[in-house]
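Visitor: My structure is below; once you've seen it, I'll send some questions.
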Amino acid sequence: MEELVIRAEPRTVWKHFESLSAVPRPSKKEDRVIRFILDFGANLELETRRDAVGNVVIRKPASKGMEGRMPVVLQAHLDMVHQKNDATEFDFDNEGIRMYRDGDWVRARGTTLGADNGLGVAAIMAVLESDDLAHPPLEALFTIDEETGMTGAKGLQPGWLKGKILLNLDTEEDDELSVGCAGGVDVTGTSRYEAAAVPAGWRGYEIQLLGLQGGHSGMDIHKGPGNANKLLARLLYACYDAGACGLHFLTGGTLRNAIPREARAVLSLNPDRESAFREAFERERTALLEENRQLEPGLEITMSPADVTGGLLPEDDAGRLLRCLLGLHNGVVAMSAEFPGQTETSNNVARVAAGSGEIQIGCLARSSREGAKEALVRQLEAVFTLAGFRTETSGEYPGWEPAPDSAILELVTKRYRDLFGEPPRILAGHGGLECGIIKDKYPDLDMISFGPTIRGAHSPDERASIPSTSKFWKLLTDVLAHIPERN
């Protein structure tokens, strides 16, 4: 980490963020970061335990005079989304994040930063290490695999935690207190095909769509960012009838909860119809660039010669794929009536991979209403069925229902107002938090979520606000000092 980042305030938080960011920690490959946290707790001579799935709990006794206060669970997840720009050379499995300071922001060079949820983890580490903070009895809960299935929270066993209050540190706006979140489910459509031969004389081309801003499919989807899978499908569908062509493969997106920024396809064209195809391509390309000029100024769409191997999707299968992608809803489905300005229901057409005899399209459907989520799943299944795809659902997790009589909400709201002179925004966010799953296992836990301001999570544009991190740390330590006595 550059010296300017090390000197950012609060130094104790950035110090721990630096050491955490040096450890590769992709979802489902958390062995190294689990060992890092276990060693951290052991070096502090605090009670440190790992459960069967890999979650870690570190327990710290109350500071002097706080022994009678209600015990608190501080919770954050260890894994991070690994995304990079195509031009960036980076080995996520073996390299630490290359971060730098850009004014009041900390960024990474061409990759995700991991502030989601690394700053939450670093703040908990700073509390555990401190010897001058007032705090009640603490349990630090570090969960795994939040980003690709929440399997850490799902594997958490009842009875393991003793706390009465849970502070989740995974919210990404410093003036927000989250009191609920959406549930979600993966919906995947799959189809197989027998590859067709490439006609003699046809020439190969690669079409690339890149430069979109991407983002978190829960936190950013209401902003209307372009979805590379949807835009490329629209482009190809507009061109397909214009000239005889065949599709070798189409791919776009990587993670279910990241809005896809890039997609590419490889085609073979009949040279006798190439001019008609190019005319349609330029017409649709121009329309897409103009429509997205304000929101997606970095959008690029290119077509270049390519060497091709292997067979083609038969014409009917290519048509089914493109019509299916066009028909699937992407983006906001409904906004919340209870929390104006907040997304209630949405879908992200997250991944598409067509080639080598198989087509797969993966979506992540979210809603804070279970009935609306189920209805959206049925809608997606209907489109997949009409296109001849087999549909599967997986990775479902519950939402977190707001508790209007929450004592911790009342306390944090008061402390925020006293510290910063204005009330916080209270909302039920659209991003998936582990709170709903944990609440299902520990129904008596009183929960709230807050955190520092992070922009562009799940994309290489991710950045964390330095002044906001100071604000977050001030609120966290103040709340810990004001936890009430046990009942």
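Visitor: Out of Glu147, Glu139, I need the residue that is of a type in the set (Asp, Glu) and more than 19 Å from Leu476 (Cα to Cα). Which one?
Guide: Numbers: Glu139 fails: more than 19 Å from Leu476 (Cα to Cα).
Just a single option satisfies the conditions, and that option is Glu147.
So that you can scan it fast, the table gives a plain yes or no per residue for (1) in contact with a strand residue (DSSP E or B) (Cβ under 9 Å, 6 or more places away or on another chain); (2) in a strand (DSSP E or B); (3) basic (Lys, Arg):
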residue	(1), (2), (3)
Pro340	no, no, no
Ala350	yes, yes, no
Ala354	yes, yes, no
Leu364	yes, yes, no
Leu376	yes, no, no
Val383	yes, no, no
Gly388	yes, no, no
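Condition check ((1) surrounded by fewer than 19 Cβ atoms within 10 Å (Cβ to Cβ); (2) closer than 13 Å to Tyr237 by Cα) across all residues:
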residue: Glu290; (1), (2): yes, no
residue: Leu295; (1), (2): yes, no
residue: Leu299; (1), (2): no, no
residue: Thr302; (1), (2): yes, no
residue: Ala306; (1), (2): yes, no
residue: Gly310; (1), (2): yes, no
residue: Pro314; (1), (2): yes, no
residue: Leu322; (1), (2): no, yes
residue: Leu325; (1), (2): no, yes
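Visitor: If you scan region 18-61, which residues turn out to be out of contact with any helix residue (DSSP H, G or I) (no Cβ under 9 Å at 6 or more places or on another chain) and basic (Lys, Arg)?
Guide: Lys29, Arg32, Arg35, listed by residue number.
Visitor: Separate question: Which residues, taken from region 441-487, are closer than 24 Å to Lys60 by Cβ and hydroxyl-bearing (Ser, Thr, Tyr)?
Guide: Correct list: Tyr442, Ser449, Thr469, Ser470, Thr477.
Visitor: Among the candidates Asp79, Asp93, Asp39, single out the residue that is free of Cβ contacts under 8 Å to residues at least 60 places away in the same chain, outside the structural domain of Glu300 (by TED's automatic domain parsing) and acidic (Asp, Glu).
Guide: On the way: Asp79 fails: free of Cβ contacts under 8 Å to residues at least 60 places away in the same chain; Asp93 fails: free of Cβ contacts under 8 Å to residues at least 60 places away in the same chain.
Checking each option against the conditions leaves just Asp39.
Visitor: Next question, about the same structure. Considering only residues that are touching an Asp or Glu at 6+ places or on another chain (Cβ under 9 Å) and of a type in the set (A, V, I, L, M), look in region 180-199 and name the one that is modelled with the highest pLDDT.
Guide: In this case the residue turns out to be Val187.
Visitor: Restricting attention to region 32-79, which residues are exposed (fewer than 13 other Cβ atoms within 10 Å of the Cβ) and of a type in the set (A, V, I, L, M)?
Guide: Ala42, Ala52 - these are the residues of region 32-79 that are exposed (fewer than 13 other Cβ atoms within 10 Å of the Cβ) and of a type in the set (A, V, I, L, M).
Visitor: In addition: Restricting to region 86-141, count the residues that are touching a Pro at 6+ places or on another chain (Cβ under 8 Å) and of a type outside the set (Asp, Glu).
Guide: Our first condition is that a residue be touching a Pro at 6+ places or on another chain (Cβ under 8 Å); within region 86-141, this holds for 88, 92-96, 104, 108, 110-112, 115, 119, 126, 136-139.
Pick out the ones that are also of a type outside the set (Asp, Glu) and you get 88, 92, 94, 96, 108, 110-112, 115, 119, 126, 136-138.
The qualifying residues number 14.
Matching residues to (1) crowded, with 24+ Cβ neighbours inside 10 Å; (2) touching a strand residue (DSSP E or B) at 6+ places or on another chain (Cβ under 9 Å); (3) part of a loop (DSSP other than H, G, I, E, B):
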residue: Asn117; (1), (2), (3): yes, yes, no
residue: Gly120; (1), (2), (3): yes, yes, no
residue: Ala123; (1), (2), (3): yes, yes, no
residue: Asp131; (1), (2), (3): no, no, yes
residue: His135; (1), (2), (3): no, yes, yes
residue: Glu146; (1), (2), (3): yes, yes, yes
residue: Gly152; (1), (2), (3): yes, yes, no
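Visitor: Have a look at Ser304, Ser346 and point out the one that is part of a strand (DSSP E or B), among the small types (Gly, Ala, Ser), over 25 Å from Glu392 (Cα atoms) and at pLDDT 95 or above.
Guide: Numbers: Ser346 fails: over 25 Å from Glu392 (Cα atoms).
It is Ser304.
Visitor: Based on this model, can you work out whether Leu161 counts as at pLDDT 95 or above, within 30 Å of Asn487 (Cα to Cα) and not in a loop (DSSP other than H, G, I, E, B)? Give the steps one after another, and end with the answer.
Guide: Numbers: at pLDDT 95 or above: yes; within 30 Å of Asn487 (Cα to Cα): yes; not in a loop (DSSP other than H, G, I, E, B): no.
In short, no.
Visitor: Name the residue that is surrounded by the most Cβ atoms within 10 Å (Cβ to Cβ), counting only residues in region 468-487 that are in a helix (DSSP H, G or I) and not hydrophobic (A, V, I, L, M, F, W, C).
Guide: Initial filter on region 468-487 (in a helix (DSSP H, G or I)): 468-481.
From the residues that got through so far, the ones that are not hydrophobic (A, V, I, L, M, F, W, C) too are 468-471, 474, 477-478.
Numbers: Ser468: 20, Thr469: 27, Ser470: 16, Lys471: 17, Lys474: 15, Thr477: 18, Asp478: 15.
In this case the residue turns out to be Thr469.
Visitor: Which residue is farthest from Asp405 (Cα to Cα), if the candidates are limited to region 173-214 and must be assigned to a loop (DSSP other than H, G, I, E, B) and acidic (Asp, Glu)? So that I can check it myself, show each step before the final result.
Guide: Taking region 173-214 first, the residues assigned to a loop (DSSP other than H, G, I, E, B) are 173-175, 182, 193-195, 197-202, 211-214.
Among the residues that remain, those that are also acidic (Asp, Glu) are: 173-175, 194.
Working: Glu173: 23, Asp174: 22, Asp175: 20, Glu194: 59 Å.
Selected residue: Glu194.
Visitor: Given the structure, is Arg192 more than 17 Å from Val349 (Cβ to Cβ), basic (Lys, Arg) and surrounded by fewer than 24 Cβ atoms within 10 Å (Cβ to Cβ)? Even if it seems obvious, please write down each step before you answer.
Guide: On the way: more than 17 Å from Val349 (Cβ to Cβ): yes; basic (Lys, Arg): yes; surrounded by fewer than 24 Cβ atoms within 10 Å (Cβ to Cβ): yes.
Yes: the conditions hold for Arg192.
Visitor: Any idea how many residues of region 435-452 are assigned to a loop (DSSP other than H, G, I, E, B) and out of contact with any Ser or Thr (no Cβ under 6 Å at 6 or more places or on another chain)? Working first, answer last.
Guide: Filtering region 435-452 for residues assigned to a loop (DSSP other than H, G, I, E, B) gives 442-445, 450-452.
So of that shortlist, the ones also out of contact with any Ser or Thr (no Cβ under 6 Å at 6 or more places or on another chain) come out as 442-445.
Of the residues in region 435-452, 4 are assigned to a loop (DSSP other than H, G, I, E, B) and out of contact with any Ser or Thr (no Cβ under 6 Å at 6 or more places or on another chain).
Visitor: Can Asp461 be described as part of a loop (DSSP other than H, G, I, E, B) and either closer than 19 Å to Gly163 by Cβ or basic (Lys, Arg) (or both)? Spell out how you get there, then give the answer.
Guide: Working: part of a loop (DSSP other than H, G, I, E, B): yes; either closer than 19 Å to Gly163 by Cβ or basic (Lys, Arg) (or both): no.
When the stated conditions are applied, Asp461 does not pass them.
Visitor: Pairs, please: C-beta under 7 Å, at least 6 apart or cross-chain, first residue in a helix (DSSP H, G or I) and in region 224-237, second basic (Lys, Arg)?
Guide: Ala228/Arg261; Leu235/Arg285
Visitor: Consider Thr393 carefully, then state whether it is among the β-branched types (Val, Ile, Thr), assigned to a helix (DSSP H, G or I) and surrounded by fewer than 22 Cβ atoms within 10 Å (Cβ to Cβ). Break it down into steps so the answer makes sense when it comes.
Guide: Details: among the β-branched types (Val, Ile, Thr): yes; assigned to a helix (DSSP H, G or I): no; surrounded by fewer than 22 Cβ atoms within 10 Å (Cβ to Cβ): yes.
Here the answer is no, as Thr393 does not meet what is asked.
The values are calculated or read from the model by the stated rules, or taken from the named source; none is laboratory data. The structure displayed is predicted, hence computed values, not measured ones. Backbone-built Cβ (ideal geometry, glycine too); neighbour counts: all protein chains shown.
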